[in-house]
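Notes to accompany the following structure.
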There are 2 protein chains.
Amino acid sequence: MDGITDAAKAPATYEDVLAAHARIKPYILRTPILTSSYFNQLTGAQLFFKCENFQKAGAFKVRGACNAVFGLTDEQAAKGVATHSSGNHGLSLSYAAGRRGIPCKVVVPRTAPEAKKAAMRGYGGEVVECEPSTSSREAVFAEVVAQTGAEFVHPYNDPRVIAGQGTCSKEMMEDLGGLDAVIAPIGGGGMVSGTCLTLSEISPTTEIYAAEPEAADDAYQSFKSGHIVAYDAPVTIADGLKVPLKENTWHFVSRYVTDVLLASEEEIVAAMKLTWERMKIVMEPSCAVPLATILKNPEIFRGKRVGVVVTGGNVDLDKLPWMTK
Amino acid sequence: MDGITDAAKAPATYEDVLAAHARIKPYILRTPILTSSYFNQLTGAQLFFKCENFQKAGAFKVRGACNAVFGLTDEQAAKGVATHSSGNHGLSLSYAAGRRGIPCKVVVPRTAPEAKKAAMRGYGGEVVECEPSTSSREAVFAEVVAQTGAEFVHPYNDPRVIAGQGTCSKEMMEDLGGLDAVIAPIGGGGMVSGTCLTLSEISPTTEIYAAEPEAADDAYQSFKSGHIVAYDAPVTIADGLKVPLKENTWHFVSRYVTDVLLASEEEIVAAMKLTWERMKIVMEPSCAVPLATILKNPEIFRGKRVGVVVTGGNVDLDKLPWMTK
């Protein structure tokens, strides 16, 4: 009985989102919301793009990372934080720790782009290299934590991170008033879970769509089958969306998501390029997935006010996907 | 005596800017102003980027075009408007005319990119092709005007256009309060003249810098010599900045500009790429020139609050300058 009750207990509540917002405000940007009459005409919807690509460290993940870092006691903080991530979470945690002035160790495959490692170091993070395998990553990470006692901040399965990501849709609702739907990309489900957490409390009639690459459709398969499906090593250009759901994000995704929508690699690249051309913003492949699914399923969104989370803008300008064709 | 008085009379006044702003507000965006702690650290200045790359039709030029189009009497408007431009002014005039529902003819060299022509048509403009020479352009344009009686709206030498561009720095001052300096790219001088017009009235102590490619330094040479210098066909990646000053823009540039600063082609491309990477915004080569000159002359801007006009974001994503090296 206890077990069942625990399983149904929310990993984080809207009170955690409110506390997170107060805590992180000095360290994050209130990102602008852009509109595009071109995309409104093309889709028949009213789209509101929440530009987290302009966020500190270039992505929404800094919200969750800051909430985790600035929520630590001084005693915890003194030992620093640690994570494994070659992407935006590693950057974001480095930024957050740098702002608090505490150590941050990020375990990164030695094959990760040098530019990413340099950026983490630039924010004050310490890059600890591992071999590009799960076993090496886990071994190296365990050693780092054993040596330092650093607090592990998971990229998305951490309730503090989910509550932090929930501040994004809180800002959207404050700035825009009512929305009929919100759509965000889904990888591990941190942003979508935060969106569920906030909207289920303050706007329960707003539909929540998760957008995913067909080539890494584990969240779609999970949603349709009712249990977590995980892939070993999916291949997609949307490299932020390869990771699987975990229990804390599944809690929210399974309860509050309206539907998971899919887009092909070609559709993702086309939506990405079109956004750069028409909206003049640099977005990563991962965050072109929502627009790709809207263009593919206009009937779902027509006539609706839709918030679109543009999750990040960290992209290698020397390797743009439409240049390599 | 009359001649001297006329020569000194301002082509447009701040009252014209106020009227323009009221007139064009329904048709333009109030563009956001972005900041970047990265660029602030790099330069030692506080930079405020006014993102006219997010503007309707992708550039500030829609301000002047809308002011000209919506200031026409119904009788004038019925005959339509015309201009010669293969760039942002042609797009902007097409947009403005389309919003008013009047004809717009744009004389464009047949060698201009098809994408640009298609975009003009998409806004409702009619593209009239000429040969890529000044004589052909002038002949074809004269024919268009003779046939239609259309109102000529010059890309920058038109007082209505200058007053329209002046609304941009008006918005910056309203949103930011005091600024120590404003910097904008200079080609024909429309934006810089509008900036001079507004700031000389509402913030005369704010310095005004014009940024220009070394490879097309006609405004610099004009400023230093005290009379208009024009080049025949300068070659620069900043293709919006090739045109020379004319009498109405020279009026403002010669009186109110603090200095003209230069950047090399390499510096322009580097600043452009760095902005895409760090600010996640798509800007044209032309509007990377101000940042390139700030990076080159940090001592001028250190410790100052500086408004930077990001003039436009219309760029060919298949031909990015750092990809062709």
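Some observations on this one:
- Checking each residue in region B:131-144 for being more than 23 Å from the chain's Cα centre (by Cα) and either in a loop (DSSP other than H, G, I, E, B) or of a type in the set (A, V, I, L, M, F, W, C) (or both) picks out B:Glu131, B:Ala139, B:Val140, B:Ala142, B:Val144.
- Subset tally (residues that are out of contact with any strand residue (DSSP E or B) (no Cβ under 7 Å at 6 or more places or on another chain), within 30 Å of B:Pro321 (Cβ to Cβ) and at pLDDT 95 or above) for region A:283-305: 2
- Here A:Leu47 fulfils each of the conditions (1) within 14 Å of chain B (Cβ to nearest Cβ); (2) outside any helix (DSSP H, G or I); (3) open to solvent by less than 30 Å² (accessible area, probe 1.4 Å) apart from (1).
- Spans of helices (runs of 4 or more DSSP H) in region A:253-318 with at least 2 residues without any contact (Cβ under 8 Å) to a residue 60 or more places away in the chain and of a type outside the set (D, E, K, R): A:265-279
- Residue in region A:194-209 that is open to solvent by 10 Å² or more (accessible area, probe 1.4 Å) and more than 24 Å from A:Ala8 (Cα to Cα) present: no
- Filtered residue count, region B:33-44, keeping only those that are surrounded by 19 or more Cβ atoms within 10 Å (Cβ to Cβ), out of contact with any Ser or Thr (no Cβ under 9 Å at 6 or more places or on another chain) and at pLDDT 95 or above: 1
- Residue under evaluation A:Tyr231, criteria (1) assigned to a loop (DSSP other than H, G, I, E, B); (2) modelled with pLDDT under 95; (3) under 26 Å from A:Thr13 (Cα atoms), criterion not met: (3)
- Only helices (runs of 4 or more DSSP H) whose full extent lies in region A:56-130 are considered here, and the ones with at least 1 residues that are surrounded by 19 or more Cβ atoms within 10 Å (Cβ to Cβ) and within 19 Å of the chain's Cα centre (by Cα) are A:61-70, A:88-100, A:114-122.
- For region A:293-325, the set of residues classified as touching a Lys or Arg at 6+ places or on another chain (Cβ under 7 Å), more than 14 Å from chain B (Cβ to nearest Cβ) and farther than 14 Å from A:Glu212 by Cα consists of A:Gly307 only.
- Applying the criterion of being of a type outside the set (Gly, Ala, Ser) and part of a helix (DSSP H, G or I) to the residues of region B:210-228, the residue that is least open to solvent (accessible area, probe 1.4 Å) is B:Asp218.
- Count of region B:299-318 residues which are open to solvent by 10 Å² or more (accessible area, probe 1.4 Å) and in contact with a Gly (Cβ under 6 Å, 6 or more places away or on another chain): 2
- Among the conditions (1) over 20 Å from the mean Cα position of the chain (by Cα); (2) open to solvent by 20 Å² or more (accessible area, probe 1.4 Å); (3) under 24 Å from A:Phe54 (Cβ atoms), B:Arg30 misses just one, which is (1).
- The residue that is surrounded by the fewest Cβ atoms within 10 Å (Cβ to Cβ), counting only those in region A:248-292 that are within 14 Å of chain B (Cβ to nearest Cβ) and small (Gly, Ala, Ser), is A:Ala270.
- Set A:Val62, A:Val69, A:Val81: member being free of Cβ contacts under 8 Å to residues at least 40 places away in the same chain and of a type in the set (A, V, I, L, M): A:Val62
- Scanning region B:306-325 for residues that are modelled with pLDDT of 95 or more and either over 22 Å from the mean Cα position of the chain (by Cα) or among the acidic types (Asp, Glu) (or both) gives no hits.
- Unmet requirement for B:Gln41, which otherwise passes all of (1) in a strand (DSSP E or B); (2) within 13 Å of chain A (Cβ to nearest Cβ): (1)
- Residues (open to solvent by 40 Å² or more (accessible area, probe 1.4 Å) and either touching a Cys at 6+ places or on another chain (Cβ under 9 Å) or under 18 Å from B:Glu129 (Cα atoms) (or both)) located in region B:144-183: B:Val145, B:Ala146, B:Gln147, B:Thr148, B:Phe152
The values are calculated or read from the model by the stated rules, or taken from the named source; none is laboratory data. All figures in this text were calculated on a predicted structure; none of them were measured in a lab. Note that each Cβ is placed from the backbone with ideal geometry, even for glycine, and that neighbours are counted across all protein chains shown. Surface areas here come from the heavy atoms of the whole protein model, side chains and all, with no ligands, DNA or RNA. Shrake-Rupley method; radii C 1.70, N 1.55, O 1.52, S 1.80 Å.
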